[in-house]
Each structure stands twice: as C-alpha cells, then as structure tokens.
Amino acid sequence: MGGAKNKGEWWDWSESKIAVERALMYGEVVCTERRSWKRVYDLAERAVPDTLLHDDLDDAECLRRLVRLAGEALGVGTRADIADYHRLKGEQFDAVVAESGLVPVTVQGWDKPAWADPKALETTPRGRHRTTLLSPFDSLIWERARTERIFGFTHRLEAYVPKPKRIHGYFAMPLLAGGRLLGRVDPAREGSTLVARQVSLDSPKAVAPMAQALLEAASWVGCDAVRVERVDRPELTADLVRALT
C-alpha cells in the first residue's frame, strides 16, 4: 500500500514509495483502490484483464487512442483542451489527430479550431442532464480556460490559497444543474451532519438544485442532515434551508 514517506514534508517519499511509483509509471503495477490518501497497488498481470493486457502498442497508436478518448470524453474541444485531458503536448496532438477519428468543427464564439467526437454530433443531449456537486478535480471543469469558455464560470481550487484570501472556500464544489454551473459550496462533515460552510448561488433559481445536490452529497458520506452556515446571498438562506427540509 502506497503512502510511505520519510519523516519530512508531504512529498518526501521513502525509497520503496519511489520504486513503486516508478513501476506504476511504466505499467508494471497498477493502483486498484485508494484508502484515504493511500494507493493500493497490485501487479498489472493480476489486476488488468488479459484481453487488455496483451496489447503491445507503439507510441503513435497510444497517442491516437489517448487523443480519441479525450475527444470522446469532452465531446468537443480545442487543440489545447484535448491535449490537456491526458497531459499531452500540442505537437503530440498534431501528429495523430488526423488519424484519431475526431472530426474538425467550427464552434460559434470560439476563435480557435476545434475537433469533435462524431458520436457527440449525432446525439441530442436533451433530458440527459443531472444535478450534482462536482469535485474540483472533475474532468468537466479542471481546465480553467475551457470551463470559462463553455460555462462562463471561473473556477479555482482555493485549498492552497491563504484563508483570508479565499473567496468560495477551501474545497468549493461547483453545482452542475441543467447543463449549467449555477453555484458552489464548500462542504465539511461534523458527525452525521454535512455542513455547507459557504454556499455561493448565481440566482434564486439555483436554490432548489443546490438543496437537491447537498442532500445527495450527504448520502455519499453517510450523513442524515445538512446544516447551512453561510450563503453569499443572505436573502436566499431561508429558502435554501426550507428546501433542505
């Protein structure tokens, strides 16, 4: 199990941790689960099905598949969007995009070329939206420029920002509802109560979706109650508390 370190800073890994992370990088071991902040490793041949493990792909094919998978996950994106999904370099994207299966498209309002997954172009997304809180690390929003371009929503993880300078909270989770980002909440847990330490709402229409998402989030962590501490629009506090009950 990973997480071993010397008696120093967070990333002061022990020699065994460095060795197993290197084996992970080369695919000799894989991470099968996480326990708190620790990774649980196993040998690749024991954890990966034979139907996948037997593939021996060259670098170009690996890049093609990574670009295609990124395009499928994003639906549509610019060169930077798609390359960033798997942390590829722009020139790596350029070398394989023509054979990746993605198609060039023009997106209204975008000043850069874009590529799309053909299946996304054939699908009408009506009725497929859900309401939920997103992790700050969710792939839908982790690329800040794309998030601002598509949703008009500025997102920043403030865990590493000094507390007096935080705007939305330590671990603010954006609210996704109806295909839009309508607010965010900085959650905590006290016993069996999910605490909404700071709630940010774009408009009164975000109250009901936020209540729904908070109740769902409470069920994720085994809480049976939600308490609201602070709302950026105080006039909506009573409505939110009412919606939670």
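Results, tabulated for the structure shown:
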{"quantity": "Dipole magnitude of the chain, debye to nearest 20 (Cβ charges: Lys/Arg +1, Asp/Glu -1, about Cα centre)", "calculated": "1120"}
{"quantity": "Accessible surface of the chain, 1.4 Å probe, proportion on carbon and sulfur as whole %", "calculated": "52"}
{"quantity": "Gyration tensor (alpha-carbon) shape descriptor, the range 59-121, a/c threshold 1.5", "calculated": "prolate"}
{"quantity": "Fluctuation leader among Pro136, Pro187, Pro234 - the chain, Gaussian network, Cα springs under 10 angstrom", "calculated": "Pro234"}
{"quantity": "For the chain, built as a Gaussian network whose Cα springs stay under 10 Å, the top-fluctuating residue of Leu88, Leu53, Leu176", "calculated": "Leu53"}
{"quantity": "Dipole magnitude of the range 59-121 about its Cα centre (Cβ charges: Lys, Arg +1; Asp, Glu -1), debye to nearest 20", "calculated": "100"}
{"quantity": "Dipole of the chain [Lys/Arg +1, Asp/Glu -1 at C-beta], most positive-end residue of Cys31, Leu175, Ala70", "calculated": "Leu175"}
{"quantity": "Charge dipole of the chain about the Cα centre (unit charges at C-beta), most positive-ward option of Ala47, Ala95, Ala213", "calculated": "Ala213"}
{"quantity": "Cα shape, the range 148-212, gyration tensor, a/c 1.5 rule", "calculated": "oblate"}
{"quantity": "Lysine pair count for the chain [Cα-Cα under 27 Å; pairs on different chains or 8 or more apart]", "calculated": "9"}
{"quantity": "Relative contact order %, the range 59-121, counting alpha carbon pairs below 8 Å whose residues are six or more apart", "calculated": "39"}
{"quantity": "Computed E for Thr154/Thr245 - FRET, C-beta separation, R0 45 angstrom, nearest 0.05", "calculated": "0.90"}
{"quantity": "In Hz, Karplus ³J(HN,Hα) per residue of the range 34-42 (6.51, -1.76, 1.60; θ = phi - 60°; x = Gly, Pro)", "calculated": "10, 10, 6, 9, 9, 8, 10, 9, 8"}
{"quantity": "Candidates Thr154, Thr51, Thr131, ranked by Gaussian network fluctuation over the chain, Cα under 10 Å, top entry", "calculated": "Thr51"}
{"quantity": "Per-residue HN-Hα couplings for the range 45-55 [Karplus 6.51, -1.76, 1.60; θ = phi - 60°; Hz; x = Gly/Pro]", "calculated": "5, 8, 9, 9, x, 4, 5, 9, 5, 6, 5"}
{"quantity": "From the coordinates shown, percent of Cα pairs over 21 Å apart corresponds to which of [x] 69; [y] 60; [z] 56", "calculated": "[x]"}
{"quantity": "The chain - mean residue ellipticity at 222 nm from DSSP helices (-39,500 (n - 2.57) per run, n ≥ 4, rounded to 500)", "calculated": "-9500 deg cm²/dmol"}
{"quantity": "The chain: relative contact order in percent, alpha carbon pairs under 8 Å with at least 6 residues between", "calculated": "10"}
{"quantity": "Per residue accessible area in Å² of the chain, where ligands, DNA and RNA are left out and the probe is 1.4 Å", "calculated": "64"}
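The values are calculated or read from the model by the stated rules, or taken from the named source; none is laboratory data. Bear in mind the structure is a predicted one, so any value in this text is a computation, not a measurement. Here the Cβ is made from the backbone with ideal geometry for all residues, glycine too, and neighbour counts use every protein chain on show. For the accessible areas, the whole protein counts, side chains as well, though only heavy atoms, and no ligand, DNA or RNA atoms are used. Shrake-Rupley method; radii C 1.70, N 1.55, O 1.52, S 1.80 Å.
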